[in-house]
1. Among the residues of region 42-50, is there at least one that is under 19 Å from LEU278 (Cα atoms) and touching a strand residue (DSSP E or B) at 6+ places or on another chain (Cβ under 7 Å)?
2. Please verify whether VAL324 is open to solvent by less than 40 Å² (accessible area, probe 1.4 Å), more than 20 Å from the chain's Cα centre (by Cα) and either within 16 Å of the ligand (Cβ to nearest atom) or not acidic (Asp, Glu) (or both), treating the condition exactly as stated.
3. Report the residue count in region 78-114 for those that are open to solvent by 80 Å² or more (accessible area, probe 1.4 Å) and aliphatic (A, V, I, L, M).
4. Consider region 306-320. How many of its residues are within 18 Å of ALA80 (Cα to Cα) and open to solvent by 20 Å² or more (accessible area, probe 1.4 Å)?
5. So, of the residues in region 181-221 that are open to solvent by 30 Å² or more (accessible area, probe 1.4 Å) and of a type in the set (Asp, Glu), which turns out to be farthest from the chain's Cα centre (by Cα)?
6. So, in region 45-84, exactly how many residues are without any contact (Cβ under 8 Å) to a residue 40 or more places away in the chain and in contact with a His (Cβ under 9 Å, 6 or more places away or on another chain)?
7. Considering only residues of region 123-159 that are without any contact (Cβ under 8 Å) to a residue 60 or more places away in the chain and touching an Asp or Glu at 6+ places or on another chain (Cβ under 7 Å), which is most open to solvent (accessible area, probe 1.4 Å)?
8. Name the strands (runs of 3 or more DSSP E) wholly inside region 221-339 in which the number of residues that are out of contact with any His (no Cβ under 8 Å at 6 or more places or on another chain) and farther than 16 Å from GLU205 by Cα is 1 or more.
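The values are calculated or read from the model by the stated rules, or taken from the named source; none is laboratory data. Everything numeric in this text was worked out from a predicted model, so none of it was measured. Here the Cβ positions follow ideal geometry from the backbone for every residue, glycine too, while neighbour counts run over all protein chains shown. These area figures cover heavy atoms from the full protein model, side chains too; ligands, DNA and RNA do not enter into them. Shrake-Rupley method; radii C 1.70, N 1.55, O 1.52, S 1.80 Å.
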Amino acid sequence: MNDMSTINRLESKVRSYCRHFPVVFTKARGATLEDEGGNVYIDFLAGAGALNYGHNDPALKAKLLDYIEADQIVHGLDMATGAKQAFMEAFESLILSPRRMRYKMQFTGPTGTNAVEAAMKIARNFTDRQTIVSFTNGFHGVTLGSVAATGNSHFRDGCGMQPQGTAFMPYDGYMGDGIDTTEYLDKMLADGSSGLDHPAAVIVETVQGEGGINVARNEWLRSLEAVCRKHGILLIVDEIQAGCGRTGTFFSFEEAGISPDIITLSKSLSGYGLPLSLVLMKPELDQWKPGEHNGTFRGNNLAFVTARAALEEYWRDGSFEREVRRKGGIVRERLERLVDLDERGVLSARGRGMMQALDCTIGELATRISALAFEKGLIMETSGSDDQVLKCLMPLTISDEELERGLSILEESVIEALSEIPEEALDKDGEKLWMEVLA
Ligand code: PLP
């Protein structure tokens, strides 16, 4: 049981999640996964944000099975299909129109990174400028264009050449509390000798997912939009992880009241974990020539079916959003309780909606907690520049009972990991020494 020898023998060293959670998964339903030994795990990873509605949602599955059973179109390049049209109509009527959003829709290759590549091309071609401003700790994918907008050197180093065409600015909070980093951007843009070439666009996540659940304040996002408008720069909001309801509204920028020029969506858009990516652009930006950004797998029809079903199931009224905010409150309260338990003050909690995190200051501690949690039946990943942040990204549909159970496993794991810290580290003051002992 749980024999991974074939994977370990044949799959490239690049594999990652199967190293952290070394069992063979065979089944999944809602917020739980089962391995081949029959062990059940609560899922606080949710496909890194691709499973906002959980595994194999029955309503979505029924629509998918009917569609397959009726021999409807599965692959059609980007040809017109009934499934595509029905999804677009649902997206317009349930998401765009109620928010008074006017955007054109582009289906790119099915990965998030391909949507980001397309968004960057749109901005560069429209403005005839090259530089894209990205932010410290931002993550936008690992293909050459998007990895250039990704801060983490782990990914940048892997691309075998110097990533090009981007400039990095400090994200909200990067310089400490009380410093508005958009003022710095504004100054750099206004000064012809700052060394910053006039950019085509700024790309930003409202909550940085892979970067460690760093939350941008709404005022900061509004100032960023104002700086973009002032200097004639396009604003791209990357909603690939924070979108589709994760923060408590369909788009994570809604609360800030901003109006991005370009929006990228992927991960939970299909609702079922099927690959699907979408770029929304203001109509005047749609200057593509036919097929200029193409791809064999643009518009996955099976994903269109489940994406439409997800919209109809969860986004007909505001009740789902209210539930996300309520459960997000439960998660945050439990995380704050853990922070209170930690006398040395190395833990802190942050997040928005059901995108919450426990910052453990150092990667070793977060990794140890994640490993202990896995032994006890909870799947939860780390993120951040040093893997120091434990990310709570459970399905938004998780039941209260499963949520409490998962949080209790987390609590036990945190207590156990903290208790493993050697005595000599406890009586010395200063987190530095404590960190040295643990590292
Ligand atoms: N953008 C953001 C904000 C992401 O979180 C991710 C993936 O984690 C991506 C882009 C890249 O998506 P994909 O892994 O599907 O290429």
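1. Checked against the condition, which is being under 19 Å from LEU278 (Cα atoms) and touching a strand residue (DSSP E or B) at 6+ places or on another chain (Cβ under 7 Å), region 42-50 yields no hits at all.
2. Criteria not met by VAL324.
3. 2
4. 1
5. Result: ASP191.
6. Residues that pass the stated criteria total 0.
7. Among them, the one singled out is THR143.
8. Fully inside region 221-339 and qualifying: 278-281.
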